[in-house]
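Before any comments, here is the structure.
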Amino acid sequence: MRSKVVLGRLLRNRQARYGGIALLLLIALAYIGPYLGAYDWTDKDFLAFLSPPDADHWWGTTSIGQDMYAVTLRGMQKSIVIGLLVALFATGLAALVGAFAGYFGGWVDKLLMWGVDLLLVLPSFLIIAIISPRLRGASWLWFVVLLAAFAWMITSRVVRSMTLSLREREYVQAALYMGIPRWKIILRHIVPNLSSLLIIDATLNVSGAVIGEAALSFFGFGIQPPDVSLGTLIAEGARNATGYPWLFAFPAGLLVLLVLAINLIGDGLRDALDPGSNS
């Protein structure tokens, strides 16, 4: 019943509708669009280096003759996947660490929160920048792990504080008296009651991860050639933005639209799950 109420609020939210439509169109463009073009992202046209947009190459070509349309959509695919995976890992870790710390209390709480506080004071961008070059040649999934490793701490503290209240509820105490293991109580009764917070956090983590990936890749610390992402394409295009603006304009424009759409959905979810938040 509550899910229907939340869905109704979400659909009535103009920002969420616009964001959802925009995100669906961007995802369709990223995954269906390549089949509409004449070139694969790995193809090279040796007769069209840095060619402006035309009937053959809709978004122009790169300095090595790659079709900018195909390459940009490939980059957006990678950025979307990275954003989703980082959000999944970071939100899941925040939920588990915060819930276990809040439910067990004592030395478990102190140890876990000490680790959270330590990670919060570490310069995450600098650490990722130092570690990333040492992972060149390894799977890009390691980059996802690095991004997720520094994206969960604040949420875990919020989860912990909410768990301190939830663990005193009657249904949680009843489950404990029935002999249900504590880890099952956390997974069955604590975490599901934090779903509103976790859904909003996951949505915003997607946006943050997309921006983080783009920033790190812009400085050469993210996705490595020959693979591409919106960040690597923006970095390449920024060097030639005045002479060959299509190299920069298309990936930068898609990045802005992608982040904006996700943020609009996140705001809509927040208002739908917590109507008092927009008052």
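Sum up the charges of everything whose Cβ sits under 10 Å from the Cβ of residue 56, counting Lys and Arg as +1 and Asp and Glu as -1, but leave residue 56 out. So the environment of residue 56 carries a net charge of -3. Could you tell me which of rounded, prolate or oblate describes region 68-261, using a ≥ b ≥ c as the square roots of the eigenvalues of the alpha-carbon gyration tensor, with rounded for a/c under 1.5 and, failing that, prolate when a/b is larger than b/c and oblate otherwise? Here region 68-261 falls in the prolate category.
So what's the net charge close to residue 157: Lys and Arg +1, Asp and Glu -1, counting the other residues with Cβ under 15 Å from its Cβ? Each step should come with its number before you reach the end.
Details: positive: 110, 160; negative: 109, 117, 201.
Surrounding charge for residue 157 is -1.
The amide H of residue 66, built 1.01 Å from its N in the peptide plane, has 45 as neighbours under 5 Å, considering only residues 5 or more places off or on other chains.
Angle of helix 2-12 to the longest C-alpha principal axis of the chain, folded into 0 to 90 degrees and rounded to 10: 40°. The H on the amide N of residue 222, modeled in the peptide plane, is under 5 Å from the matching H of 217, each at least 5 residues off or on a different chain. In percent, rounded to a whole number, the relative contact order of region 149-279 is 18, using alpha-carbon pairs under 8 Å and six or more apart. Estimated purely from DSSP H runs of n ≥ 4, each contributing -39500 (n - 2.57), the mean residue ellipticity at 222 nm for the chain is -22500 deg cm²/dmol once divided by its residues. Selection among 116, 133, 20 by position relative to the dipole of region 17-166 gives 116 as farthest towards the positive end (Cβ unit charges, Cα centre). Short-range pairs are left out: with C-alpha atoms under 8 Å and at least six residues apart, the relative contact order of the chain is 28 percent. Summing charges over all other residues whose Cβ lies under 11 Å from the Cβ of residue 97, with Lys and Arg as +1 and Asp and Glu as -1, gives +1.
Bear in mind these aren't lab numbers, they're just calculated from the coordinates by the rules spelled out. Note that the coordinates shown come from a computational prediction; the quantities given were computed from them, not determined experimentally. With ideal geometry, Cβ positions are generated from the backbone for all residues, glycine too; neighbour counts draw on all protein chains shown.
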